[in-house]
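Engineer: Below you'll find the structure I mean.
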Amino acid sequence: MICCRGIWKIFGSDPKRIMAETDLTLSKSEIQERTRHIVAVRDVNFEVSRGECFVVMGLSGSGKSTLVRCLSRLIEPTEGAVLIDGLDVITMNRRELLDLRRHRLAMVFQHFGLFSHRSVIDNISYGLEIRGIGKAERTEKAHEMLELVGLKGWDACYPRELSGGMQQRVGLARAMALDPEILIFDEPFSALDPLIRREMQDELLQLQHQLKKTMVFITHDFLEAIKMGDHIAIMKDGAVSQIGTPEEIVAHPVDDYVREFTEDVPRYKVLSAGKVMRPDSGNACADAEPVLTTAKIDTLIDQVADSDRPLRVMTPEGVAVGEIDRSIIMRAMSSRS
């Protein structure tokens with residue numbers, strides 16, 4: 001659905017010259033010191049499959065927000081290609097770009113971006129109004145989205161009358177009203193209290209389960225990243241350090257930077273039986289229900305507790321590939337390494 005190839009973004013007076021004349025293997029700080037230009041995004045490549053949630057994760061200043069704004073050319077990349085369904089966003093003219101933003105993708109921001117002078121229902125229908133949709137039709141669609149995000153009955157209220165979590169629901173409903181193929185979330189829950197934040201994460205996951213949108217989700221919180229993402233790209237100093245599934249990153253961090261994020265993660269909630277199993281010894285209990293390779297460790301505690309013998313581990317296709325027992329589960333639950 002989305003394919004990024006060699007994306008660079010350099011801020012400064014003459015970024016094209018810097019791309020052509022500077023040793024780009026130098027660090028971000030070295031290039032800034034020598035050229036007074038800032039390399040915000042450095043040769044980033046990734047793909048997002050249709051219907052998946054792709055998380056871009058990194059600390060403040062890592063380049064994640066700049067990168068994601070390059071997808072819709074809210075920020076113009078210095079170099080590279082962004083393909084959406086094979087169409088290069090970088091070469092689009094103004095009319096084509098406007099059509100892309102109005103019809104194919106929508107953004108949800110950290111600070112909501114609601115219009116204080118508009119009611120909830122008018123905020124939600126704003127994008128449809130810009131499209132030229134008639135009032136009756138756009139109001140009907142806005143009411144559908146309002147109910148979808150759990151705010152039925154709040155249509156006549158104004159943003160100032162809503163809590164932060166409710167305002168973010170309105171922002172989500174406004175984006176969903178456009179029925180975009182792609183949803184881009186820029187740290188949408190970071191301004192919310194922890195309990196509301198978890199609630200919003202759960203609600204978005206439930207909506208994604210229903211609607212199967214293609215989502216790009218920015219966060220600086222690794223626990224949020226592994227909860228939300230099908231795949232995660234971890235950024236540092238404008239470059240991608242690692243891309244993988246949450247399980248791949250927790251199990252096999254590529255460097256110390258990524259490893260620091262994984263240290264406090266409850267691994268048994270991320271790792272699956274397929275990652276911790278041992279080879280089949282032939283002693284697996286034949287009468288017990290086999291364990292799927294995709295089953296998370298924390299879901300297997302009761303199952304292994306009921307058996308004195310190892311349980312057979314099988315692929316979703318029914319192929320036996322290994323075994324697992326209580327000792328393996330306990331080791332996985334106690335280990336952070």
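The values are calculated or read from the model by the stated rules, or taken from the named source; none is laboratory data. Bear in mind that the values here come from a model prediction, so they are computed numbers and not experimental data. So basically every Cβ, Gly included, is an ideal-geometry build from the backbone, and we count neighbours across all protein chains shown. The area values use the complete protein model at the heavy-atom level, side chains included, leaving out ligands, DNA and RNA. Shrake-Rupley method; radii C 1.70, N 1.55, O 1.52, S 1.80 Å.
Engineer: Roughly how many Å² is the accessible area per residue of the chain, as a whole number, for a 1.4 Å probe?
Structural biologist: Per-residue accessible area for the chain comes out at 49 Å².
Engineer: Roll a 1.4 angstrom probe over the protein heavy atoms and tell me the percent of accessible area of the stretch 22-131 that is carbon or sulfur.
Structural biologist: Here carbon and sulfur together make up 48 percent of the probe-accessible area.
Engineer: Rounded to the nearest 500, what is the 222 nm mean residue ellipticity of the chain from helices alone, with -39500 (n - 2.57) per DSSP H run of 4+ residues and division by all residues?
Structural biologist: Working: 15 runs with 128 residues, N = 337.
The helix contribution divided over the chain gives -10500 deg cm²/dmol.
Engineer: So for the stretch 1-152, what are the equivalent ellipsoid semi-axes in whole Å, largest first, each being the square root of 5 times an eigenvalue of the Cα gyration tensor?
Structural biologist: Largest first, the stretch 1-152 gives 36, 17, 15 Å.
Engineer: Hey, got the dipole for the chain? About the Cα centre, +1 on K and R Cβ, -1 on D and E Cβ, debye to the nearest 20? Provide the component values of the computation, followed by the final result.
Structural biologist: Details: 43 positive and 51 negative charges, 199 e Å.
Using only the charged Cβ atoms, the result is roughly 960 debye.
Engineer: Using a basic spin-label model with each label point 7 Å from the Cα along Cα→Cβ, how many nm lie between Asp85 and Val319?
Structural biologist: In this crude label model, Asp85 to Val319 measures out at 3.5 nm.
Engineer: Of Arg34, Arg17, Arg73, which has the most accessible area with a 1.4 Å probe, and how do the rest follow in descending order?
Structural biologist: Heavy-atom accessible area, descending, gives Arg34, Arg17, Arg73.
Engineer: Give a residue-ordered list of calculated ³J(HN,Hα) values for the stretch 152-167 (Karplus: 6.51 cos²θ - 1.76 cosθ + 1.60, θ = phi - 60°; whole Hz; x for Gly, Pro).
Structural biologist: 4, x, 9, 4, 8, 7, 10, x, 5, 8, 10, 6, x, x, 5, 4
Engineer: What length, rounded to one decimal in nm, is gained on full extension from Lys212 through to Arg331, with 0.36 nm per residue of separation minus their alpha-carbon distance?
Structural biologist: Values: separation 119, 0.36 × 119 = 42.84 nm, distance 3.56 nm.
Net length gain for the segment: 39.3 nm.
Engineer: Along each principal axis of its Cα atoms, how long is the stretch 247-327 end to end? Whole angstroms, biggest number first, please.
Structural biologist: The Cα atoms of the stretch 247-327 stretch 44, 23, 19 Å along their principal axes.
Engineer: Is the stretch 156-249 rounded, prolate or oblate when judged by the Cα gyration tensor, a ≥ b ≥ c being the square roots of its eigenvalues, rounded requiring a/c under 1.5 and prolate requiring a/b larger than b/c?
Structural biologist: Because a/c hits 1.5 or more and a/b exceeds b/c, the stretch 156-249 counts as prolate.
Engineer: What is the gain in length, in nm to one decimal, between Lys16 and Ser29 on full extension, counting 0.36 nm per residue of separation less the C-alpha to C-alpha distance? Walk me through the numbers before you get to the answer.
Structural biologist: Values: separation 13, 0.36 × 13 = 4.68 nm, distance 1.83 nm.
Gain on stretching Lys16 to Ser29: 2.8 nm.
Engineer: Additional query: So for the chain: antiparallel DSSP bridges make up what percent, rounded to the nearest 5?
Structural biologist: Here the share of antiparallel DSSP bridges comes out near 55 percent.
Engineer: Please report how many Lys pairs in the chain have alpha carbons closer than 24 angstrom, counting only residues at least 8 apart along the chain or sitting on separate chains.
Structural biologist: For the chain, the number of qualifying lysine pairs is 28.
Engineer: May I pose another question? For a quick check of your reading of the filter: which GluC sites (Glu not before Pro) in the stretch 80-180 sit in a DSSP loop and have no more than 13 other Cβ atoms within 10 Å? Numbers along the way, then the final one.
Structural biologist: Values: sites: Glu96, Glu129, Glu137, Glu140, Glu144, Glu147, Glu161; in loops: none.
Answer by residue number: there is no such site.
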